[in-house]
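The next block holds one structure in the form of structure tokens; read it before the comments.
The values are calculated or read from the model by the stated rules, or taken from the named source; none is laboratory data. Because the structure is predicted, anything quoted here is derived from the model rather than measured. In this analysis, Cβ positions are derived from the backbone assuming ideal geometry, glycine residues included, and neighbour counts consider all displayed protein chains.
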Amino acid sequence: MYLFLDTAEIEQWEYWLSKGLFYGVTTNPTLLERAHIPCTLEQLQLIAQKAFQLGAQEVHLQTWGSDVCNLVQRGQAIAAIDPRVVVKVPITLIGTEAAAQLLHQGFRVTLTAVYAVHQALVAAALKADYAAPYLGRMADLGQDGHQQIIMMQQGLNGVKSSMKLLVASIRRVDDIVHLTSQGLDTFTVSPVIAEQLFTVEATEAAARAFEEAAQG
């Protein structure tokens with residue numbers, strides 16, 4: 001099982017990556033904006049280096065641009081930062097074309113903003129490394145996000161694809177519990193959800209009792 005931290009806030013990386021739980025971090029231009037980090041190649045290089053210093057094994061950074069050429073050129077520059085960087089590309093028509101070029105050049109790619117089962121199959125056909133479905137946002141649109149993502153995984157199993165679904169937009173810890181029971185194993189979560197992974201009242205009470213007993 002692989003967990004990623006879905007934020008561009010460096011202080012959150014410093015806190016959570018030290019716990020040894022998270023395989024890496026995922027970002028996008030929206031998260032960069034929330035963290036008040038300019039979306040530039042120079043800044044992406046700096047934050048990627050910081051994430052690796054803090055123990056991340058993978059960093060997912062998103063390319064941007066209104067045409068295929070810009071998406072590819074920025075994607076190439078992002079991939080050149082470090083072999084452990086995975087280039088995120090939105091699964092639009094031009095994004096898919098750009099992703100195909102990046103994959104052909106040997107770069108690792110996550111196709112992101114996946115909302116439909118057939119989009120995951122498109123990503124699999126391209127031989128992408130990851131496809132990132134947005135669970136919570138599917139629910140916001142009135143979709144049964146859990147069932148959609150389970151169908152995505154079943155489709156990948158059916159075509160024997162090695163591509164991973166990197167489930168994003170997790171709103172509750174129970175989302176992870178339910179999807180792992182259906183064969184999903186890769187998730188990216190916000191610091192809020194990361195905190196919830198450890199907020200089990202009975203466990204906290206037991207730990208306090210252990211400590212009190214140890215102190216006599």
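Scanning the range 74-81 finds no residues that are among the hydrophobic types (A, V, I, L, M, F, W, C), outside any helix (DSSP H, G or I), touching a residue at least 40 places away in the same chain (Cβ under 8 Å) and surrounded by 16 or more Cβ atoms within 10 Å (Cβ to Cβ). When the range 98-115 is filtered for residues that are surrounded by fewer than 18 Cβ atoms within 10 Å (Cβ to Cβ) and either in contact (Cβ under 8 Å) with a residue 40 or more places away in the chain or among the hydroxyl-bearing types (Ser, Thr, Tyr) (or both), only 115 remains.
Residue check: residue 8 meets all listed conditions (1) under 16 Å from the mean Cα position of the chain (by Cα); (2) surrounded by fewer than 21 Cβ atoms within 10 Å (Cβ to Cβ) but one, namely (2).
Hey, among the residues in the range 160-182 that are over 17 Å from residue 23 (Cβ atoms) and touching a Leu at 6+ places or on another chain (Cβ under 8 Å), which one's surrounded by the most Cβ atoms within 10 Å (Cβ to Cβ)? Checked the range 160-182; the qualifying residue surrounded by the most Cβ atoms within 10 Å (Cβ to Cβ) is 175.
Note on the range 135-147: residues that are surrounded by fewer than 20 Cβ atoms within 10 Å (Cβ to Cβ), in contact (Cβ under 8 Å) with a residue 12 or more places away in the chain and of a type outside the set (A, V, I, L, M) total 4.
So for the range 185-208 (the condition being assigned to a loop (DSSP other than H, G, I, E, B), surrounded by 16 or more Cβ atoms within 10 Å (Cβ to Cβ), under 19 Å from the mean Cα position of the chain (by Cα) and free of Cβ contacts under 8 Å to residues at least 40 places away in the same chain), does at least one residue qualify?
First, pick out the residues of the range 185-208 that are assigned to a loop (DSSP other than H, G, I, E, B): 185, 190, 197-200.
Filter once more, so that each one left must be surrounded by 16 or more Cβ atoms within 10 Å (Cβ to Cβ): 190.
With the extra rule that they be under 19 Å from the mean Cα position of the chain (by Cα), the set shrinks to 190.
So of that shortlist, the ones also free of Cβ contacts under 8 Å to residues at least 40 places away in the same chain come out as none.
No, every residue in the range 185-208 fails to be assigned to a loop (DSSP other than H, G, I, E, B), surrounded by 16 or more Cβ atoms within 10 Å (Cβ to Cβ), under 19 Å from the mean Cα position of the chain (by Cα) and free of Cβ contacts under 8 Å to residues at least 40 places away in the same chain.
Of the residues examined, residue 159 is one that is over 21 Å from residue 4 (Cα atoms) and at pLDDT 95 or above. For the range 19-67, a residue qualifies if it is basic (Lys, Arg), over 17 Å from the mean Cα position of the chain (by Cα) and under 14 Å from residue 9 (Cβ atoms), and exactly one does: 50.
A count restricted to the range 22-61 and to residues that are polar (S, T, N, Q) and buried (at least 17 other Cβ atoms within 10 Å of the Cβ) stands at 4.
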